[in-house]
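First the structure, in the form of structure tokens, and then the observations on it.
The values are calculated or read from the model by the stated rules, or taken from the named source; none is laboratory data. What you see is a predicted model, and the numbers here were worked out from it, not measured in a lab. Positions of Cβ are backbone-derived with ideal geometry, glycine not excepted, and every protein chain shown enters the neighbour counts.
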Amino acid sequence: MIPEIEKASLDQIKMIQEQKLIELMQYLSDHSAYYQGVFKTHKILPSSIKTLDDLVTIPVTTKEQLQQYNDDFICVDKRDIIDYVTTSGTLGEPVTFALTDNDLKRLAYNEAISFACAGVQQDDILQLMTTIDRRFMAGLAYFLGARELGAGIIRVGAGIPELQWDSILKFKPTYLIVVPSFLLKLITYAKEHNIDLNSSGIKGAICIGESLRDQDFTLNTLAKKIKDRWNIELYSTYASTEMSTAFTECSEQQGGHHHPELIIAEILDDHNVPVSPGETGELTITTLGVEAMPLLRFKTGDMVKAHTTPCGCGRTTMRLGPVVGRKRQMIKYKGTTLYPPAMYNILNDFSEVDNYIIEISHNNIGTDEILIKIAVQSPTEELLHDIKDHFRAKLRVSPKIEFHDKQYIQKLQFPKLSRKPVIVIDKR
């Protein structure tokens with residue numbers, strides 16, 4: 001199930017995207033109170049935006065603007081809204097997103113072709129290990145995508161290894177949709193209860209929320225731990241509520257594929273200008289085909305690198321590498337620039353570490369400080385020194401590290417109303 005546009009030449013893809021961009025500009029001009037204001041303030045004639053290169057003449061849209069003017073982004077009558085979701089609010093107040101019936105159909109199409117990218121077919125069964133309630137778009141998207149593809153789906157929800165394994169053994173799913181670190185808990189449960197992992201029938205896991213690979217696409221520490229114990233394929237998928245679109249790995253596992261019929265993707269520098277090929281920048285998106293809340297040049301806050309070499313799967317589309325980090329979570333620590341994912345990889349190297357939380361703050365001279373709180377079964381000074389030495393070897397700096405009770409860390413990771421674990425607490 002590869003849409004024709006994803007096998008087309010780059011010139012053909014550009015032509016189709018530009019036609020959809022022209023349609024979007026007219027739609028925003030007619031229906032979006034927010035973008036009508038932007039066009040008026042900046043003296044932009046929507047009909048003058050005809051090519052992808054013209055996008056640089058339009059101001060970017062930020063998360064702060066989306067929060068402040070949330071209702072002004074809605075382009076349809078309230079009677080046409082079928083579903084309401086909210087963003088996770090990882091770096092600020094959650095934002096409400098409205099979806100029409102056509103938006104839900106678009107969401108289903110996106111997830112169906114994303115699943116197909118990871119090798120899921122109509123005769124597969126997926127086990128959903130994320131919530132489908134609590135105003136969470138992703139769980140709904142996965143359900144709709146499986147339905148669109150014609151695959152079966154088991155809605156188990158998050159957590160509870162016993163229930164997950166009961167469902168695996170009872171319904172024989174072939175794919176899991178899961179946060180990868182939870183796979184380690186499933187592996188531990190299987191070992192404790194004499195369940196043979198590699199005869200469970202699971203072919204692969206579509207992994208959300210945590211990275212599986214380093215920037216060269218080799219498996220990171222977390223993924224290696226999983227693969228060493230469970231012989232399944234691991235596929236990364238990256239998405240956000242604002243995009244209503246996913247970038248999912250194919251069989252080549254060399255980055256998440258762009259669906260150009262659904263989204264225009266730019267990688268921008270600090271001046272909102274496209275970076276040079278191969279450089280890291282902030283993913284900035286323009287949604288195509290969204291009715292209720294389309295976005296124009298929306299800065300996601302995620303730092304990524306684009307890959308444009310042809311893919312062995314037959315798709316010609318751009319691929320996104322693993323997220324380097326959130327732009328607002330960039331840390332300047334003792335002269336070194338860090339993003340939290342680099343620290344996750346080091347902490348995941350230690351089997352003794354049960355869980356952890358990273359706190360970032362400013363000190364009294366205005367520079368960044370890092371405090372890592374970790375829970376281990378047997379805290380020792382030797383282990384503490386080993387972890388600090390590993391940080392120095394990999395990142396050239398060693399943050400402050402404290403041992404804490406496992407329940408205390410879990411309480412920090414799951415604050416009230418949270419739909420997914422919080423790993424970074426930014427106090428700056």
query = Which of the residues belonging to segment 175-203 are surrounded by fewer than 17 Cβ atoms within 10 Å (Cβ to Cβ) and small (Gly, Ala, Ser)?
reply = Ser199, Gly201
task = Give me the pairs, please: first residue somewhere in segment 3-20 and part of a helix (DSSP H, G or I), second residue anywhere and among the small types (Gly, Ala, Ser), beta-carbon distance under 8 Å, and either six or more positions apart or on two chains.
result = Lys7/Gly314; Ile16/Ala8; Lys20/Gly289
message = If I go through segment 207-235 residue by residue, how many of them are at pLDDT 95 or above and at positive phi?
response = 1
task = Go through Tyr142, Tyr84, Tyr175 for me and flag whichever is farther than 26 Å from Arg315 by Cα and touching a strand residue (DSSP E or B) at 6+ places or on another chain (Cβ under 7 Å).
result = Tyr84
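Looking for something part of a loop (DSSP other than H, G, I, E, B) and either assigned by TED's automatic domain parsing to the domain that holds Thr96 or not β-branched (Val, Ile, Thr) (or both) - is there at least one such residue anywhere in segment 279-288?
Within segment 279-288, one or more residues are part of a loop (DSSP other than H, G, I, E, B) and either assigned by TED's automatic domain parsing to the domain that holds Thr96 or not β-branched (Val, Ile, Thr) (or both).
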task = Output yes when any residue across segment 379-389 is at pLDDT 90 or above and touching a Gly at 6+ places or on another chain (Cβ under 9 Å), and no when none is.
result = no
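Yes or no: Leu28 buried (at least 17 other Cβ atoms within 10 Å of the Cβ) and assigned by TED's automatic domain parsing to the domain that holds Gly145? Give the derivation first.
On the way: buried (at least 17 other Cβ atoms within 10 Å of the Cβ): yes; assigned by TED's automatic domain parsing to the domain that holds Gly145: yes.
Considered against the rule, which asks whether it is buried (at least 17 other Cβ atoms within 10 Å of the Cβ) and assigned by TED's automatic domain parsing to the domain that holds Gly145, Leu28 comes out as yes.
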ask   = What are the residues in segment 139-163 that are part of a helix (DSSP H, G or I) and touching a helix residue (DSSP H, G or I) at 6+ places or on another chain (Cβ under 9 Å), if any?
value = Leu140, Ala141, Tyr142, Phe143, Leu144, Gly145, Ala146, Arg147, Glu148, Leu149, Pro161, Glu162
query = Taking segment 31-55 as the search range and keeping residues that are surrounded by fewer than 17 Cβ atoms within 10 Å (Cβ to Cβ) and small (Gly, Ala, Ser), which one is nearest to the chain's Cα centre (by Cα)?
reply = Ala33
key: Evaluation of Asn231 against (1) outside any strand (DSSP E or B); (2) of a type outside the set (Lys, Arg); (3) within 21 Å of the chain's Cα centre (by Cα) (one fails), failing number   = (3)
key: Residues of segment 217-246 that turn out to be free of Cβ contacts under 8 Å to residues at least 60 places away in the same chain and either of a type outside the set (A, V, I, L, M, F, W, C) or assigned by TED's automatic domain parsing to the domain that holds Tyr344 (or both), as a count   = 6
ask   = For residues in segment 254-278 being assigned to a loop (DSSP other than H, G, I, E, B) and in contact with a Ser or Thr (Cβ under 8 Å, 6 or more places away or on another chain), which is surrounded by the fewest Cβ atoms within 10 Å (Cβ to Cβ)?
value = Pro277
request  = Under 7 Å between Cβ atoms, at least 6 apart or on separate chains: pull out the pairs that start in segment 263-274 with a residue that is more than 11 Å from Lys305 (Cα to Cα) and end on any residue that is part of a loop (DSSP other than H, G, I, E, B).
outcome  = Ile263/Met243; Ile263/Leu288; Ile264/Leu288; Ala265/His258; Ala265/Met318; Asp269/Val275; Asn272/Val60
message = So for segment 93-102 (the condition being in the same structural domain as His259 (by TED's automatic domain parsing), surrounded by 20 or more Cβ atoms within 10 Å (Cβ to Cβ) and assigned to a loop (DSSP other than H, G, I, E, B)), does at least one residue qualify?
response = no
Count of residues meeting criterion [among the basic types (Lys, Arg) and either under 23 Å from Pro341 (Cβ atoms) or outside any helix (DSSP H, G or I) (or both)] in segment 171-192 = 2
